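Report on one structure; see the data block that follows.
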Amino acid sequence: MQHIIDRFISYVTIDTESDPNSDTTPSTKKQLDLANLLVKELKAMGMTDVTIDKNGYVMATLESNVKHEVPTIGFVSHYDTTPDFTGANVKPQIVKNYDGGDIILNKKQNIVLSPSYFKDLLLYKGQTLITTDGTTLLGADDKAGITEIMTAMEYLIQHPEIKHGKIRVGFTPDEEIGRGAHKFDVEKFGCDWAYTMDGSQIGELEYENFNAAGAKITFKGKSVHPGYAKGKMINSMLLANQFISKLPKKEIPEKTKGYEGFFHVVGISGSIEETVVELIIRDHSAKKFKERKEFIHELANKFNKKWQKQFGEEIVIAEVKDQYYNMKEKVKPVFHIVEIAEKAMKELGIKPIIKPIRGGTDGCQLSYKGLPCPNIFAGGHNFHGKYEYVPVESMVKATEVIVKIAEITASTKK
């Protein structure tokens, strides 16, 4: 267990925050600090075909040790962390034999990780937790996944008595800004299917995710001296506020769960002359997803009709772009790949939690690029903020799941 702790800490203390405003891949050069370390470690442990391309995608091979032909499988995780909260100067704290009470993350700033608010903590009473110091995120999303894949490959190399087919591993940049699979070379990866190790709670197994789109809505205004503004001024910020107020009030992230979709305002900036609102649109249903996008355009058209005479042109410009789609369509035809993961968990005494992802992973984009790719738990909780933590025992179990999947797959002839 200490080996996994040490490996995980060595990864999370490297700042790999991605940048949505960058047009390079990776979006930040510092991501390559970890990518190059992974290349070095993969070679040192005995993996073959270890490569890193010009865009920072790391791939490596563990050759088959069985004589019969079996499917080639892959395991994928991303090494960037979200720009939603700082990932610089991460100082992990280790809580051994967690007693079920409050955890003081930062005494000076009175930052407390409490089970009274984060009830999932009570699932891990008696276990070893790794937390933040309250000033950064932790980076378990998805450096826990990387730790598990690396440790599993190392274990298989050290235990040749465990039979497995050819295994490929892939580590990607920029997943947190929606680009993790954009330049992933599926043909080069060469797998029949793969799994992303990018879920949360122990037991999670997911093959459904949101259909996703992003919307940029620009509101135009007219600035006039406030003393002479009657009937002349159009305040774009107030227009934006009116637009937001027309969105369904109960269809927001904090009021939805399960398969329920939402509209989520993620940014707003502006002045009297121009205001830009950014929001994301999510729904598991393709039909409802289409209706949500149409709703945004219809709402913009209503504003334009209302203000057309006074403004003389479109006052609201709505741009809606698809981001990714529900992988269910691509996974269901090869559902045995989910069943293999489910069987692996059950054989290890883990209760599978099969549920839809209220978000997306590299796997949903990879599935549409020809690589069916369900998602498996990595163990972390409270991603993207200072309350993030991961139970070490969950990382150990995730590592065992990878090994078991490899073993089960090798028992099936291609």
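Computed values, structure above
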| quantity | calculated |
| --- | --- |
| Scope the range 253-287; condition among the aliphatic types (A, V, I, L, M) and in a strand (DSSP E or B); matching residues | V265, V266, I268, V276, V277, L279, I280, I281 |
| Scan of the range 19-50 for residues that are small (G, A, S) and over 19 Å from F184 (Cα atoms), ordered by number | A44, G46 |
| Matching strands (runs of 3 or more DSSP E) fully within the range 11-78 where at least 1 residues are open to solvent by 20 Å² or more (accessible area, probe 1.4 Å) and over 17 Å from H182 (Cβ atoms) | 48-52 |
| Sole residue being of a type in the set (F, W, Y) and in contact with a Pro (Cβ under 8 Å, 6 or more places away or on another chain), chosen from Y11, Y57 | Y57 |
| Hey, D53 among the acidic types (D, E), under 30 Å from C191 (Cβ atoms) and under 19 Å from the mean Cα position of the chain (by Cα) or not | no |
| Failed criterion for G178 (all others in (1) open to solvent by 10 Å² or more (accessible area, probe 1.4 Å); (2) small (G, A, S); (3) within 24 Å of T16 (Cβ to Cβ); (4) out of contact with any strand residue (DSSP E or B) (no Cβ under 7 Å at 6 or more places or on another chain) hold) | (4) |
| Residue match in the range 390-403 (condition: open to solvent by less than 20 Å² (accessible area, probe 1.4 Å) and not in a helix (DSSP H, G or I)) | yes |
| Selection from the range 127-163 of residues that are over 30 Å from N106 (Cα atoms), open to solvent by 10 Å² or more (accessible area, probe 1.4 Å) and in a helix (DSSP H, G or I) | T151, E154, Y155, I157, Q158 |
| Flag for K351 being part of a loop (DSSP other than H, G, I, E, B), closer than 30 Å to E407 by Cβ and either of a type in the set (D, E) or open to solvent by 70 Å² or more (accessible area, probe 1.4 Å) (or both) | yes |
| Every residue from the range 53-74 that is over 12 Å from V169 (Cβ atoms) and in contact with a Leu (Cβ under 8 Å, 6 or more places away or on another chain) | G56 |
| Yes/no for K250 being in a loop (DSSP other than H, G, I, E, B), open to solvent by 70 Å² or more (accessible area, probe 1.4 Å), modelled with pLDDT of 95 or more and of a type outside the set (A, V, I, L, M, F, W, C) | yes |
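The values are calculated or read from the model by the stated rules, or taken from the named source; none is laboratory data. Because the structure is predicted, anything quoted here is derived from the model rather than measured. Neighbour counts are summed over all protein chains in view; Cβ atoms, including those assigned to glycine, are modelled from backbone coordinates with ideal geometry. Side chains are part of the model used for accessible areas, which takes the heavy atoms of the whole protein and leaves out ligands, DNA and RNA. Shrake-Rupley method; radii C 1.70, N 1.55, O 1.52, S 1.80 Å.
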